[in-house]
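Notes follow the structure.
The values are calculated or read from the model by the stated rules, or taken from the named source; none is laboratory data. Note that this is a predicted model, so its numbers are computed, not measured. Positions of Cβ are backbone-derived with ideal geometry, glycine not excepted, and every protein chain shown enters the neighbour counts.
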Amino acid sequence: MTAHQLKGQIENIIFDFGGVLVDWNPRYLYADYFQTEEEMEFFLQNICTGQWNEEQDRGRPLAEATDLLVKQFPDHEKLIRLFYGQWEKMLGGEISGTVELLYALKDHFKLYGLTNWSAETITIAYERFHFFNALDGIVVSGAEKIIKPDKRLFQILLKRYDLDAAKSLFIDDNINNINTANELGFRTIHFQNPAQLRIALSDLGLL
């Protein structure tokens, strides 16, 4: 299939948020609270872990998650409570190169978001970043109590906005999510950086 033919088939472009449109990293917050990088990494890999945070993306309330961890690690209570107490400091900013591409695509395609994100903290991101207003629809894992790469979250997006996977391009930095999207019939781009995304979109005839 030529790039011209593909452009005629693609109607919708779906973006992941964290790592694609938004630079989120807990290290932006915690770097000020540890003497060494090694101590910070130990804390993030063994206490406020990615697996723990993922459960908030799945819909667990932030207060419940925090109290659970404080009970497990009472000596680290202050640092644990910082995670959601000052969560907004983890937002490094928008990934400008990707946001530029989003606006470039806006006139020709319907744009959507499909993100693993807490329903409680996503509102902070909505207030911070104006590009969310350019999207025609968003599905947030924390609101649905399902996280990618579960096929059901993709299917919620398709059903809610009456989308055809075969006419939709999905962009994500997580290969597991890309694999699920491929299984469901989406066109996909495994995001590495904005420059790589621009080339991939151009190669598909979408820019």
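Listed values, structure above:
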read-out	value
Count of the stretch 143-173 residues which are small (G, A, S) and surrounded by 19 or more Cβ atoms within 10 Å (Cβ to Cβ)	2
Residues of the stretch 40-64 satisfying the condition of being of a type in the set (D, E) and surrounded by 12 or more Cβ atoms within 10 Å (Cβ to Cβ)	E41, E54, E55, D57
Residues located in the stretch 30-39, provided they are surrounded by 14 or more Cβ atoms within 10 Å (Cβ to Cβ) and not in a helix (DSSP H, G or I)	F34
Scan of the stretch 90-123 for residues that are among the aliphatic types (A, V, I, L, M) and at pLDDT below 95, ordered by number	none
Selected residue (criterion: surrounded by the fewest Cβ atoms within 10 Å (Cβ to Cβ)) from residues of the stretch 65-104 that are among the acidic types (D, E) and over 28 Å from F132 (Cα atoms)	D75
Unmet criterion (only one of (1) surrounded by 21 or more Cβ atoms within 10 Å (Cβ to Cβ); (2) over 18 Å from N116 (Cα atoms); (3) not aliphatic (A, V, I, L, M)) for G185	(1)
Boolean, I138 is of a type in the set (V, I, T) and exposed (fewer than 15 other Cβ atoms within 10 Å of the Cβ)	no
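Per-residue answers, yes or no, for (1) over 23 Å from T123 (Cα atoms); (2) assigned to a helix (DSSP H, G or I); (3) touching a residue at least 60 places away in the same chain (Cβ under 8 Å):
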site	(1), (2), (3)
Y28	no, yes, yes
E41	yes, yes, no
Q51	no, yes, no
E64	no, yes, no
L68	yes, yes, no
